[in-house]
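Okay, so here's the structure we're looking at.
The values are calculated or read from the model by the stated rules, or taken from the named source; none is laboratory data. Since the structure is predicted, the reported quantities are computational estimates derived from the model, not experimental observations. For neighbour counting, all protein chains shown are included, and Cβ atoms are generated from backbone atoms with ideal geometry for every residue, glycine included.
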Amino acid sequence: MAIYAGLKEIPWKKIFHIDDVNIEIGKEFGDQMWDAIQQQETLDTNERNIHLVDTLVDIICLQTGGNKGKGNQLKREDFKVHVIVKDQVNAFAMPGGHLVVHTGLIEACESPEQLAGVLAHEMIHITEEHVTKKLIKEVGLGVLASIVGGNGEIVREVLRHLSSTAYDRSLEKEADLKGAELLHNVSINPEGMAEFMDYMANLPESKAMENLDWLSTHPDSKDRAKDIREAAKNFGPNKKYAKLNVGF
Ligand SMILES: [Zn+2]
C-alpha cells in the first residue's frame, strides 16, 4: 500500500506529457527565437532552394491526409519553413512550427530523399513538441513563462544555451524512427534518411561545427543509420516508393 501511495505522488503527467498551456508558451517563445535568429542571419533568396524544401514539406503533409484513421495527419500551416545562408550542414526545429534549414544542408544532400529524411526528422521534433520539452526541462517553465515577451537579449541567451547542450538521445531517436515511419507512410523511401546519417558520420568536425541539432549526435550517426534501417523492416508491407520528382 505504501508503495502504491508513493507511486501516486509521482507527477506522471509532468513526466510524460506537457499540457496545452505549456505548448502555447513554447510556441510564443519559438516565434521570439525565430525573430532573434532572423535578425542575425541572412535569409536565402535562391528560388530553387526555397521551392525544394517547401515542396518536400508540402508533399509530406499532403500525403498524410491519405492515412486516415492513423491520427497522423499533418497540417501544412503548422510548419513554417525557413532557409538561411550558412555553410554548416544543419537543420533545426523550434516551437511554433519553425523549421530552419541551412543552405549547407541542401548542398550536402545527394538526393531529394536525403533532404526529405532530414525534414521529416525535424517535423517530428515539431509535432512532438521536443524543443518545448527541452526548454521546460532546462530553463524551467516559470523562467520560460516570465521571459516570453521579454527582450531579445534574454532570448538570444536561451538560444546560446540550447545550442550548447545536446538533445536528449531519446528525443533524437524518436525523431529518427517516427520520421522514418512518416516517410514510409507518405511513400518516400526512408533509406534516404539512413544514407544521410552515413554521410554525417563521415563529415569532418570542422564542417559540422556550431550545429544546433545534428552535431550533438554526430558520433552516433553510424548507429542511427543502423537503427533506422532496422526499424524500416517493420514499417509494414513492402512499398514501392515513388521517386521524388521535385526539381532536385
Ligand atoms: Zn534532431
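Remarks
- Whether a residue is assigned to a helix (DSSP H, G or I), touching a residue at least 12 places away in the same chain (Cβ under 8 Å), closer than 15 Å to residue 196 by Cβ and among the aliphatic types (A, V, I, L, M) was assessed, and residue 115 passes this test.
- Residue among 138, 128, 153 that alone is under 10 Å from the mean Cα position of the chain (by Cα), modelled with pLDDT under 95 and not small (Gly, Ala, Ser): 128
- Here the condition is being surrounded by fewer than 17 Cβ atoms within 10 Å (Cβ to Cβ) and within 16 Å of the ligand (Cβ to nearest atom); of 77, 128, it holds for 128 alone.
- Of everything listed in (1) outside any helix (DSSP H, G or I); (2) within 12 Å of the ligand (Cβ to nearest atom), the single unmet condition for residue 123 is (1).
- Scanning region 188-224 for residues that are more than 14 Å from the ligand (Cβ to nearest atom), modelled with pLDDT of 75 or more and not in a loop (DSSP other than H, G, I, E, B) yields 191, 192, 194, 195, 198, 199, 201, 222, 223.
- Verdict on residue 139 being more than 11 Å from the ligand (Cβ to nearest atom) and touching a residue at least 24 places away in the same chain (Cβ under 8 Å): no
- Residue check: residue 46 meets all listed conditions (1) polar (S, T, N, Q); (2) at pLDDT below 95; (3) closer than 28 Å to residue 110 by Cβ but one, namely (2).
- A count restricted to region 49-75 and to residues that are modelled with pLDDT under 90 and in contact with a strand residue (DSSP E or B) (Cβ under 7 Å, 6 or more places away or on another chain) stands at 0.
- Residue 140 being buried (at least 21 other Cβ atoms within 10 Å of the Cβ) and of a type outside the set (A, V, I, L, M): no
- Residues located in region 149-184, provided they are surrounded by fewer than 17 Cβ atoms within 10 Å (Cβ to Cβ) and in a loop (DSSP other than H, G, I, E, B): 149, 150, 151, 165, 166, 168
- Apart from one condition, residue 115 fits all of (1) within 11 Å of the ligand (Cβ to nearest atom); (2) closer than 22 Å to residue 241 by Cβ; the exception is (1).
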